[in-house]
1. Across segment 364-389, what is the number of residues that are in contact with a helix residue (DSSP H, G or I) (Cβ under 7 Å, 6 or more places away or on another chain) and either in a helix (DSSP H, G or I) or surrounded by fewer than 17 Cβ atoms within 10 Å (Cβ to Cβ) (or both)?
2. Does any residue of segment 681-694 turn out to be away from ligand 2 (no atom under 11 Å from the Cβ) and within 16 Å of residue 519 (Cβ to Cβ)?
3. Please verify whether segment 650-658 includes one or more residues that are of a type in the set (D, E, K, R), within 16 Å of residue 523 (Cβ to Cβ) and either within 15 Å of ligand 2 (Cβ to nearest atom) or within 30 Å of the chain's Cα centre (by Cα) (or both).
4. Looking at residue 405, is it outside any loop (DSSP other than H, G, I, E, B) and open to solvent by 50 Å² or more (accessible area, probe 1.4 Å)?
5. Do you know which of the residues in segment 575-610 that are outside any helix (DSSP H, G or I) and more than 16 Å from ligand 2 (Cβ to nearest atom) is farthest from residue 635 (Cα to Cα)?
6. Quick one: which residue in 570, 592, 578, 657 is acidic (Asp, Glu), modelled with pLDDT under 90 and open to solvent by 20 Å² or more (accessible area, probe 1.4 Å)?
7. Residues to consider are 146, 166, 151, 155; find the one that is among the aliphatic types (A, V, I, L, M), in contact with a strand residue (DSSP E or B) (Cβ under 9 Å, 6 or more places away or on another chain), more than 26 Å from residue 574 (Cα to Cα) and surrounded by fewer than 22 Cβ atoms within 10 Å (Cβ to Cβ).
8. Go through (1) open to solvent by 50 Å² or more (accessible area, probe 1.4 Å); (2) in a helix (DSSP H, G or I) one by one and return the number of the condition residue 302 breaks.
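The values are calculated or read from the model by the stated rules, or taken from the named source; none is laboratory data. Everything quoted here is computed from the prediction, not taken from an experiment. Cβ placement follows ideal geometry from the backbone for every residue including glycine, while neighbour counts extend to all protein chains displayed. The accessibility values were calculated without ligands, DNA or RNA, using every heavy atom of the protein model including side chains. Shrake-Rupley method; radii C 1.70, N 1.55, O 1.52, S 1.80 Å.
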Amino acid sequence: MKLIISEKEIAARRIAKILSGDGLSEEKICGVPVYGFKIGDEDYKVMGLRGHIMQVGYPKEYANWVKVDPMELITARIEKVPIKEKSINKKATGKKSTSVRVDYVKALKKMADDTDEIIIATDFDREGELIGYDAWQVVKEKNSIAPVKRAKFSAITPRDINEAFAKLGKVDLNLAFAGRARQDIDLIWGATLTRFISLASFQIWDKYLSVGRVQTPTLTLIVDREAEIKSFVTIPYWVVNVKLATKSGQEFEATHKKKRFLKKDEAHKVYNIIKDNGIVLGVTEKTRKLTPPAPFNTTSLIVSANAIGFTAARTISIAENLYMNGYISYPRTDNTVYPSSIGIGEIAKMFDKSDEFKEMSREVTSQEKIVASRGKKRSTDHPPIHPTAVAEKKNLKSDDWKLYELIVRRFMCTLLPSAEVKSIMADIDIGGELFKANGSNIIKLGWTKFYPYFKHEDVFIPDLEANQILTVSGKEILDKQTKPPSRYTQGKLVEKMEELGLGTKATRHTIIQNLIQRGYMHGNPLTPSEKAVAVIKMLKKHAEKISSPDMTSELEMYMDGIAGGDQTKEEVVDKSREMLKDVMVNLKNGKEEISQEIKDGIKKDLIVGKCMDKSCDGNLIIRTSRKTKKRFIGCSAYPRCTNTFSLPQNGLILTTEQKCKHCGYPVVRVIRKGRKPWDLCINNICPGKDANNKKFRYSKGSKKPAD
Ligand SMILES: [Zn+2]
Ligand SMILES: [Zn+2]
């Protein structure tokens, strides 16, 4: 029997369907669905995993946080152990339902004896290679002679799958070991630093403070930006605008050439000089091309999807689902240049009969020659993200369709000609002062015709010529002020991480998700908590290296070196151990200060607002009852003030600066895994809450979810 191992269950089913033509059998082995079929006399079985089935960890003797010095973890032995499956497959048999624990490792071992050949068909990248390698090692324990082969593909379509299985290759050990080095390094750094910082600030058990090789420099970006915003000094300035009209009554606007007046009276002086007429000094016209966007890679997909309301994690999860259903190519790729093998013209033609996309498809295929745009990054593992099958709107969930549509439109756009924009600049003299008018309009739609996500606002200016006299029909002075830099959105953060070499296309969205779930940052755009500010401040002071992206991107480079065969896994992991030892020596020296600062930060995060009692000067603080272990809000002036408010007991509670619009009480944000965060007024008898269900009626606060 030939055993095919894929990364996910749904991929297994599709691969089996494609290879078998028809006549597919299905069975469950240790709770794992396995698909069987025959080709000629040969029996095939396909089994899908759930991503990684093995993880790295420390032996039991290192489990106690209090007894083991975190320093010991740097050199401790690392074990590879099966990941325990938490979820249980429920099977209804008659009235009773029995639970079967899904056990991938057991299932692989059970099938090992009958296996004559193993074919690894996991995703083709560093993590996928490691997942396949680990599964192979499990089979090998029982059956060491079965040869192993590798099927490489970038889309789960009949064409790609049949091609991949017709020319099977070898498992790339270098690639798998690069993945393993990443696992080891992340474990060593994460466990050592997390334990040290958590113990130093007495935040253990479920309150631990996680610190990591990639997440910490990422969080530093958010904390630094917040500091920039807070220390930003706004400068007032004034802008002088005029409204002008031609003889035929066409109106447009012009701005004084100085744009920003830093002194108010200077602006007023110019304003007062403006008379009834102006004269055109000269006009210049330029036509500029708007080239089509580059093909999507993971980062640019996340950025574009974020602009239409998807978080990074959601984008990746939907994209994976679309990939496994055969609708799009593999969504984890850095590549932005189409290889000739994917047949871009055929893909465009495929949409010829689609209700939604036929017009676009015809526009693309009717060109004499189809020329694709190219991005800056080129790699050979996977093509840029593109559609691989025509989906119908009614067959997809609304969000899935939205993302699919974005991917199809982007693909088509990359095959369409540039748009053209005409810009006109006119110099106008009014009472001896120079004003400038800038107009622009799209004169050729090109790719923008089918890409509603791109927005261009035409600014009107009539045809003008030198010496033409214009009437001044209005004038104004605008009071303005300089603005601080803006906070990072999730999309912008992913982009910045890529630029700095933080994380990989496969991990960036998860890192953001984790930072949010650990209470380090929230909202979109992202704002750090006080705890995050304190942790980063202390790491910067005592271990600059962990907060800066340089070391992490250096390690990332070494891991690429393993994949390329230039370095061994052991060399790279040892190098990272040495780096970490230096870091820890410095941290230990600053332990007391670190402890104090972080505790203060955590306290600040717990302040909900000023006490509602007018005669009390205390703060309302989130506390945990010693007796019942339940959390509630109490006043810092207790026992003098006995004001209390109840709180929901599940999920993370974040303090906000908002006040309830119904009653003026402070509002807290409740974050639960897998749900949209919601804002809650702490006042139990708030008039904004439903009379029937006063206890926890949650007001719909923020428009943008923070997850
Ligand atoms: Zn009080
Ligand atoms: Zn209220």
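1. Final tally of qualifying residues: 3.
2. Scanning segment 681-694 turns up no residue that is away from ligand 2 (no atom under 11 Å from the Cβ) and within 16 Å of residue 519 (Cβ to Cβ).
3. yes
4. no
5. 590
6. Among 570, 592, 578, 657, only 657 is acidic (Asp, Glu), modelled with pLDDT under 90 and open to solvent by 20 Å² or more (accessible area, probe 1.4 Å).
7. None of the other options fit; the residue is 146.
8. All conditions pass for residue 302, except number (1).
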